Amino acid sequence: MNRIDARFAELRSRGRKGLVTFVTAGDPAPERTVGLMHAMTGAGADVLELGVPFSDPLADGPVIQRASERALGHGVTLDDVLGMVREFRARDTDTPVVLMGYANPVERMGPAAFAERAAAAGVDGVLTVDMPPEEAADWTRPFAGAGLAPILLAAPTTSAQRLGAILGLTRGFLYYVSMAGVTGGSGLDAADVAAHVAPIRDRSEVPVAVGFGVRDADSAAAVAAAADAVVVGSALIRTVEEHVGNADPRALEEALRRQVADLRAGVDRG
């Protein structure tokens, strides 16, 4: 069983909702990423999303764009990201890790070679932001053989027909984008999220994780009431950004622990 499936089964058995946390690999420095991953899991993150730095992150707002720029400034590549996952697995064999990024780095490596190397490193799922469902069947075919879950996106504007295609392809969990626009946006409407998520959950047993606009414990609680999991990214990257230039890795790790613990409390309250 894929680690993602196992984690959501465990959450269901305990009557809990999941917390999915995102950081960009290599930000604020490559040697600090694995420590941040462990800090977040220690504070209550159920699934880790690790952003693969890319020069044209069209779905991301300025906060995550700057994180990619910082990581690329350190020369971080997809090979390096896989190495970080491999290092993380030396201490944590259970927490699911999802790579989130864009098609270009995977295309350069080759989808089949990427799938084999990612699975060997300990990756569990892949979310390719700019891969539409119309093209995803061929793209994700090597993933299944390697045991990687292809995770697709749905949004408030997704038609019922397109949603069916997305649900037919996605594994692990569906990432529901709570609002139109890029990451880091404001204006989260929990009632609107609930209205859109309910029919998705009626159509599929794949867990639904909701992201975009979750900033704190209160918004996490509101989203958790409707979804199977809550995804938090930009709010955590802002904390990383505040510590750029601080040579003490413990300060950032402790700040993320506190923030993730607060989000965890919000999810549990929801």
* Asked: What's log10 of I(q)/I(0) for the chain at q = 0.09, 0.10, 0.13 Å⁻¹, Debye sum over Cα points only, no solvent?
  -> -0.35, -0.44, -0.78
* Asked: According to a simple spin-label model (label point 7 Å from Cα along Cα-to-Cβ), what is the distance in nm between R269 and A103?
  -> 4.2 nm
* Asked: When Lys and Arg each count +1 and Asp and Glu each count -1, what net charge do the other residues less than 14 Å away from R3, Cβ to Cβ, add up to?
  -> -4
* For M1 paired with A112, estimate the spin-label separation in nm (one decimal), with each label point 7 Å from Cα along the Cα-to-Cβ line. => 3.2 nm
* Rough spin-label spacing in nm, given labels placed 7 Å along Cα→Cβ, for S159 and A119 -> 3.4 nm
* Most fluctuating residue given options E87, E254, E135, as computed from a GNM of the chain linking Cα atoms under 10 Å -> E135
* Structure fact -> Here the relative contact order (percent) of the range 113-270, from C-alpha pairs under 8 Å and at least 6 apart, is 17 percent
* Grab the beta carbon distance between E69 and A137, set R0 = 35 Å, and tell me the FRET efficiency rounded to 0.05. => 0.60
* Structure fact -> Bridge orientation stat for the chain from DSSP, antiparallel percent rounded to 5, came to 0 percent
* Asked: What is the sum of charges around D60, taking Lys and Arg as +1, Asp and Glu as -1, for the other residues whose C-beta is under 15 Å from the C-beta of D60?
  -> -3
* Run through every distinct alpha carbon pair of the range 22-177 and return the Kirkwood hydrodynamic radius in angstroms, one decimal place. => 15.8 Å
* Structure fact -> Of 40-52, 149-161, ordering from highest average Cβ density within 10 Å down gives 40-52, 149-161
* To do: Would you work out if the range 1-83 is rounded, prolate or oblate? Take a ≥ b ≥ c from the square roots of the eigenvalues of the alpha-carbon gyration tensor; rounded if a/c is under 1.5, else prolate when a/b is larger than b/c, oblate otherwise.
  => prolate
* To do: For the range 3-269, calculate the relative contact order in percent as a whole number, restricting contacts to Cα pairs under 8 Å that are 6 or more residues apart.
  => 23 percent
* Structure fact -> Here the FRET efficiency for S55 versus R91, based on Cβ atoms and R0 = 22 Å and rounded to 0.05, is 0.10
* What does the convex hull of the Cα atoms of the range 37-119 come to per residue, in Å³, rounded to a whole number? -> 105 Å³
* When the Cα centres of the range 94-160 and the range 1-22 are compared, how far apart do they sit, in Å? -> 19 Å
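FYI, it's all coordinate maths here, none of it is from the lab. Quick caveat, the model's predicted, so the values are computed rather than measured. Heads up, the Cβs are rebuilt from the backbone with ideal geometry, glycines too, and the neighbour counts pull from every protein chain shown.
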